[in-house]
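Asker: Quick one: the structure is below, and I'll ask about it shortly.
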Amino acid sequence: MKTTAVIVVAVVVFSASVVAQETKPVPKDSMRVMIPGCTKGYVFTAGRRTQDEPGSVDVPNGMHLRMNGPKKLMAEIKAHEGSMIMLTGVVKKGQFRADGVGIGGGVRVSPGADPAGGSMSRSPNVNQNMIDVEGWRQIAGDCPSK
């Protein structure tokens with residue numbers, strides 16, 4: 001009788017840990033990525049990829065991403081501002097395509113609005129890259145302070 005109870009409890013505990021490790025499916029127009037970098041508030045700045053922490057997608061060094069996620073997860077990340085982290089999340093495909101021409105130092109020149117085209121958008125989120133944060137972990141290194 002005790003042996004059966006122990007086996008049942010072990011199966012329940014094991015199956016609960018397997019369910020907890022499953023990840024949500026990624027929509028067809030998105031992809032799951034791992035990006036090294038630093039945070040400040042809700043903005044993640046992609047860092048330089050290294051041999052030991054290469055990441056999973058080629059994101060230009062210095063690119064900013066607006067983070068979306070559960071409050072508890074965002075609070076954990078905010079507690080580690082100033083330290084390098086590896087962010088795991090879901091982004092739209094093609095989002096990292098840079099518009100314009102790179103002139104060096106992370107600076108790009110792109111065409112502006114048509115002067116005869118009317119009013120410009122007042123939204124601060126125009127062309128802002130977004131990441132839905134699923135998790136993170138601390139990695140070696142410090143973030144540059146400005």
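Asker: ASN68 versus (1) over 17 Å from CYS143 (Cα atoms); (2) of a type outside the set (Gly, Ala, Ser); (3) at pLDDT below 90: which is the lone unmet condition?
Answerer: That leaves (3) as the condition not met.
Asker: Would you check if there is a residue in the stretch 44-59 being of a type in the set (A, V, I, L, M, F, W, C), at pLDDT 70 or above and touching a Lys or Arg at 6+ places or on another chain (Cβ under 6 Å)? Write out each step before concluding.
Answerer: Start the filter on the stretch 44-59 by keeping residues that are of a type in the set (A, V, I, L, M, F, W, C), which leaves 44, 46, 57, 59.
The next check asks that each one be at pLDDT 70 or above; those that pass are 44, 46, 57, 59.
If we keep only those that are touching a Lys or Arg at 6+ places or on another chain (Cβ under 6 Å) too, we end up with none.
Scanning the stretch 44-59, I find no residue that is of a type in the set (A, V, I, L, M, F, W, C), at pLDDT 70 or above and touching a Lys or Arg at 6+ places or on another chain (Cβ under 6 Å), so the answer is no.
The values are calculated or read from the model by the stated rules, or taken from the named source; none is laboratory data. What you see is a predicted model; the values in this text were computed from it and never measured. Cβ coordinates were reconstructed from backbone atoms using ideal geometry, including for glycine residues, and neighbour counts include every protein chain displayed.
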